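To keep things clear, I will list the structure first and then write my remarks on it.
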Amino acid sequence: LDSNYAEAYAGIAEANLYRFRSTRDKTYLETALQNARWANDRNSRLANARIVLGLTYNEFGQFEEAIKLFEELLREYPREARAHEGLADALWKTNRRGEAEASLQKAVQMQPGDWSVYKRLGLFYSRHGQYEKAVKQYEHVVALTPDNAQAYANLGGFHYYLGDFEAAERDWLK
């Protein structure tokens, strides 16, 4: 209805980014980049457009561009948890691991009542084999969302990797 509606193009970009991640078809990644850039050009203050653009840069391996974009965005919108996650991913891939972890920890500090920031930090730790730290984050997730079956499944997996089979079973049975 409105060919200049930047939020719609950001949404199209994000949908194509998800399609790329599930299919690994570069056509979707190129389409995501095109739409994210278009949305960002039309409305450079739109946080979602910049987040999707940064996530797309990460997929292309353009980590320095992603870092710059996420850092600029976070100066304006410090509570954007997805921007912290995207920044952490780019920092990790440029071997700035301490900064990556700090970015996600900052998201937790900014939004301590938001279960999703604990989830992101927990997944970050699990991806890097730090299961003890992942357990601590997922304990926050289940405390904030006691009906979250996926959180218990992940928590059980982390306990399993740590060799605490009783805790893993207890988590999986919840």
Quiz prompt | Considering residues of segment 22-60 that are of a type in the set (D, E, K, R) and at pLDDT below 95 only, the residue nearest to Arg75 (Cα to Cα) | solution = Arg45
Quiz item: Which residues, counting only those in segment 16-27, are open to solvent by less than 80 Å² (accessible area, probe 1.4 Å) and within 13 Å of Leu55 (Cβ to Cβ)?
Solution: Asn16, Leu17, Phe20
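Residue-wise test of (1) open to solvent by 10 Å² or more (accessible area, probe 1.4 Å); (2) among the hydroxyl-bearing types (Ser, Thr, Tyr); (3) within 17 Å of Arg127 (Cα to Cα).
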position: Leu53; (1), (2), (3): no, no, no
position: Tyr57; (1), (2), (3): yes, yes, no
position: Ile67; (1), (2), (3): no, no, no
position: Ala83; (1), (2), (3): no, no, no
position: Gly86; (1), (2), (3): no, no, yes
Exercise. Would you please name the residue that is nearest to Phe124 (Cα to Cα), looking only at residues in segment 148-174 that are surrounded by 15 or more Cβ atoms within 10 Å (Cβ to Cβ) and polar (S, T, N, Q)?
Key: Asn154
Exercise. Under 7 Å between Cβ atoms, at least 6 apart or on separate chains: pull out the pairs that start in segment 152-168 with a residue that is free of Cβ contacts under 8 Å to residues at least 60 places away in the same chain and end on any residue that is of a type outside the set (D, E, K, R) and surrounded by fewer than 16 Cβ atoms within 10 Å (Cβ to Cβ).
Key: Tyr152/Trp172; Ala153/Trp172; Gly156/Trp172
Quiz prompt | Any pair with Cβ under 7 angstrom, 6 or more apart, that starts in segment 66-77 at a residue that is under 18 Å from Lys93 (Cβ atoms) and ends at one that is among the polar types (S, T, N, Q) | solution = Ala66/Asn58
Quiz prompt | Residue selected from segment 69-79 under the condition touching a helix residue (DSSP H, G or I) at 6+ places or on another chain (Cβ under 9 Å) and of a type outside the set (Phe, Trp, Tyr), by the criterion most open to solvent (accessible area, probe 1.4 Å) | solution = Arg79
Quiz item: Among the residues of segment 42-51, how many are of a type in the set (Gly, Ala, Ser) and buried (at least 24 other Cβ atoms within 10 Å of the Cβ)?
Solution: 1
Exercise. Considering only residues that are under 17 Å from Ala66 (Cβ atoms) and in contact with a helix residue (DSSP H, G or I) (Cβ under 7 Å, 6 or more places away or on another chain), look in segment 28-37 and name the one that is most open to solvent (accessible area, probe 1.4 Å).
Key: Arg37
Practice problem: Could you check, for segment 133-147, whether at least one of its residues is at pLDDT below 90, surrounded by fewer than 22 Cβ atoms within 10 Å (Cβ to Cβ) and assigned to a helix (DSSP H, G or I)? | Solution: no
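The values are calculated or read from the model by the stated rules, or taken from the named source; none is laboratory data. Being a predicted model, the structure only gives us computed values, none of them experimental. Using ideal geometry, Cβ is built from the backbone for each residue, glycine included, and neighbour counts are taken over all protein chains shown. Each accessible area value is taken on the protein alone, full model and side chains, heavy atoms only, with ligands, DNA and RNA left out. Shrake-Rupley method; radii C 1.70, N 1.55, O 1.52, S 1.80 Å.
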